[in-house]
Structures are given as structure tokens and as C-alpha cells.
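Trainee: Just passing along the structure, written as C-alpha cells.
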Amino acid sequence: MNDTPGWASPGSSPSGEPDPENGPGTPQDSAPPNWSKQQPPPGQWSAPGSPAAAGPGSTPPPPPPPPPAGPGWGQQQGWQQGWQQPHWGKPPSPKPGVIPLRPLGVGEILDGAVSTMRAHWRTVLGISFVVALVTETLMVVAQGLIENSDLNSLGDRATFGDVMRAVGGSLTLNVLALVITLLGTVIATAMLTMVISRAVLARPVTTRDAWSDARPQLLRLLGLTVLLGLLGIGLLAVGVTPGILVAVAGSTGGGIALGVLGALAAMVVAAWLLIRFSLASPALMLEKQSVFKALARSSKLVRGSWWRMFGIQLLASFIVFLLSGAIQTPFVVLAMLTGEGGASGFLSSDSAGYGWTSLIVIGIGAVIGSTITLPISAGVTALLYMDQRIRREALDIELARAAGVPGYGDSPADSTTSGS
């Protein structure tokens, strides 16, 4: 049998026997054997050192000094900093599609463009392949006709009329090829921008869907592209005109120097405007803006971030250039070996080196290169636009709602990425 007493509240007798002197029921009854029989009345006990324990009329002792300042495990400040205010880090950003819905880094922008091409490869590569095939075919035909035109067969006895007719034919073919290339680029950019806008929300998209979304804005996008091209040509003309006038006046050396300086200044201004208006295309397509409103929208989004935009666009252009060169170089070498006259004829000034066989082989390489690089260029531009809107206008919240991410409210009826 265990004789260890259990826990009992003060005031109870361990043995249950009455005190022989005071009788049962007195406070001394309940005092354990080692306690003094002179116990304070119930409810009047105070902790040692308190004013009540010191007795009436006594001066209370001063309060204890505060703990020294500074963090530490045994101090309140360290306790609050280490335990009462834990830092667990920010929750991860939602990523319903090809990018996380937060401000993007350079690598995430490039990865988003490539991920779009992987996730929707049938639609993306189908669009870029068809556009590249049509434009490059027409370019090959135009270049072949130019190489075999009367301009290359004119002899020393050619008249001025013969030269003008040959030059006019070549110029017409070049302009036609340029127009076809421009139209193909506009169509590819418009449709790929729509594909990327859906890929951000992880929504399926077909070529028909992309065409249906892009078609209403195609004419405006063409007008925007032509306007930017004319703006660059106009700036170059303004820059070189003073040098031309000086050269015509008789100072040829001074005119050439002034023309070169003017051309360089025009190129700097054109580059500045090109970056400033680089987001006009996705703004026009995704916000259904007009041409001039899209230019103003791009200017607003780029303001304060020009150098960042310039660096990312330059890096993307460099990557596209390297990738395109790596794809097309084997075809150029093959064209040199299979062309009329072999490699020596291809590198010489003889037109036989630029026959139809060489042009077709080079065209095949250009089609493959454009099929791969067009989606990357369009993707970087569209994702830069979204990144700037996320940074300035909290577009990530609207995108999360449109994608149906839990915790961001109901998904709106309009699934586009256009905002206010």
C-alpha cells in the first residue's frame, strides 16, 4: 500500500485528527507538523517585501531597477523580437500560367516567352510557320527576279531609259517584298500576343481563337507599325538634310561630316522613341486602343523605366540574333556548296552564285529561323507590357481573378487581360 499523501489544499488536516489544545475546526488544526502554529488569518497574507507585509507606517521599498537595454534571450526585447514577432516570409505568388503573378525578372520574362511556345506549340509554331513560309517565299521570288533582271545584264551600251526601267523593276520588287514582310510580321505579332495573353491565365487557345481575337485590331496595328517606320525615316531625313545642303553649297567635306553627325543624332533619337513606344503594340491589342492612345499608353508605362526596357529589349534581340544565326548558318553553307559555281561562285560578284537553288536553300533556313524566333520576340514584348502594368497598376490582382485563383474574388466575365 502506498502511504505517500496526495495533493491537499492548505487548511486540511493530514491525519484527520483534531488538535488537542484548540479543538476541532480551528486554524491550528490544519497546520502541518513543521509549520508554526501562529499563522496569519485567512485572506490577510502578503508576499514578503510588499507594503502590507512591512506593517503600517513603514516606507515601501523602491521598485526593482529595469532590465538593461539591448537584445538578449533573457530580456523582454529579445523575447518579443525572437518569439512574439516571427518572420515566416511572404507566401509564394500564384502562377496559374506561364509566369508568376508578380513583378517579373529578366529571366522570368524570357522563360515566359519560351514556356508559351512549349505549352501551346501547335498554335504558336503553326502561326509563325505559316507567316514565315508565305513571307520568305515571296522574298525568295522577289530576290530571284531581281538577280535575273535586266539590271544585272546591262552592258556598257545601255541607255538611260534601260537603266531606269531596270532600276524601277528592282525597286518595285523590293517594295513589294517589304510590304509582304510587314504584313506578315503584323499578323504574327497580333496573333501571338493573343496567345500569350491566354497562356498567362493557363487557358487553352487555338489558331482560330487567336485569329478571332486579333482580327478587329489588325488594321490599327498595321497603321501603328507604318507610323513608327515613317517616324524613323523622317528623323533620319531631318538629320542628314543639313549635311546635304552644305555639300550642295560647295563644301563637300563639311557636308559629309555634318551629315554623319546628323545621322548619328537621328539614330539616337529614333532609338529613344522606339523604346518609349515599344509597348504600344500590346497596349493596342490587349486594351483595344486606337493608334495614338496606344502610343500615349506605352509612353506612360515606360516612363521611369527606359533603361530597364532598353536593356531587356537589347538582350532579347541579341538572343534572337544568335539563335537565328545558329539556325540559318548551316543552310547558308549548304547553299554555297550546292549553288551554281560552288562556293567560289557564291562568294564572287558573279550572279551565277545567287541562282534559284541557293536562294531556295537559304529561304528554307530563314523559314525555320523565323518560326522559332518570332514567338520569342512577340512574347518578350507582351510580357514586358504585363510586367509594367503589374508594377504600376496591380494587374496581377486582375489576372488572378480572371484565372480563378482562390482568395482573389470571383472570376470576371471578361477573361481578357485588359484593364482600366
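The values are calculated or read from the model by the stated rules, or taken from the named source; none is laboratory data. Keep in mind the model is a prediction, meaning the values are calculated, not measured. Reconstructed Cβ throughout: ideal geometry from the backbone, glycine too, with neighbour counts over all protein chains shown.
Trainee: Can you find even one residue in the range 298-318 that is out of contact with any Phe, Trp or Tyr (no Cβ under 8 Å at 6 or more places or on another chain), of a type in the set (S, T, N, Q) and either assigned to a helix (DSSP H, G or I) or exposed (fewer than 14 other Cβ atoms within 10 Å of the Cβ) (or both)?
Mentor: yes
Trainee: What residue, among those in the range 377-396 that are in contact (Cβ under 8 Å) with a residue 60 or more places away in the chain and among the aliphatic types (A, V, I, L, M), is farthest from residue 195 (Cα to Cα)? Show your work before the answer.
Mentor: Here is the first cut: in the range 377-396, the ones in contact (Cβ under 8 Å) with a residue 60 or more places away in the chain are 377-392, 396.
Still in the running and among the aliphatic types (A, V, I, L, M): 378, 380, 382-384, 386, 390.
On the way: 378: 10, 380: 13, 382: 10, 383: 12, 384: 15, 386: 14, 390: 19 Å.
Selected residue: 390.
Trainee: Report yes if residue 324 is of a type in the set (S, T, N, Q), modelled with pLDDT under 95, part of a helix (DSSP H, G or I) and closer than 28 Å to residue 218 by Cβ, otherwise no.
Mentor: So residue 324 fits the description; yes.
Trainee: Please find, among 241, 252, 206, the residue that is surrounded by fewer than 16 Cβ atoms within 10 Å (Cβ to Cβ) and closer than 30 Å to residue 113 by Cα. Talk me through it step by step, then tell me what you get.
Mentor: Details: 241 fails: closer than 30 Å to residue 113 by Cα; 252 fails: closer than 30 Å to residue 113 by Cα.
Just one listed residue meets the conditions, 206.
Trainee: Give the residues of the range 205-214 that are in contact (Cβ under 8 Å) with a residue 12 or more places away in the chain and in a helix (DSSP H, G or I), sorted by residue number.
Mentor: The answer is 207, 209, 210, 211, 213, 214.
Trainee: So residue 403 passes all but one of these: (1) at pLDDT below 95; (2) within 17 Å of the chain's Cα centre (by Cα); (3) not charged (D, E, K, R). Which condition number does it fail?
Mentor: Among (1) at pLDDT below 95; (2) within 17 Å of the chain's Cα centre (by Cα); (3) not charged (D, E, K, R), residue 403 violates only (2).
Trainee: Among the residues of the range 159-174, are any of a type in the set (Asp, Glu) and either outside any helix (DSSP H, G or I) or at pLDDT 90 or above (or both)?
Mentor: no
Trainee: Restricting to the range 255-274, name every residue that is at pLDDT 90 or above and either crowded, with 19+ Cβ neighbours inside 10 Å or not in a helix (DSSP H, G or I) (or both).
Mentor: 258, 259, 262, 266
Trainee: Moving on. Sort through 318, 331 and tell me the only one that's of a type in the set (A, V, I, L, M, F, W, C) and at pLDDT 95 or above.
Mentor: Result of the check over 318, 331: 318.
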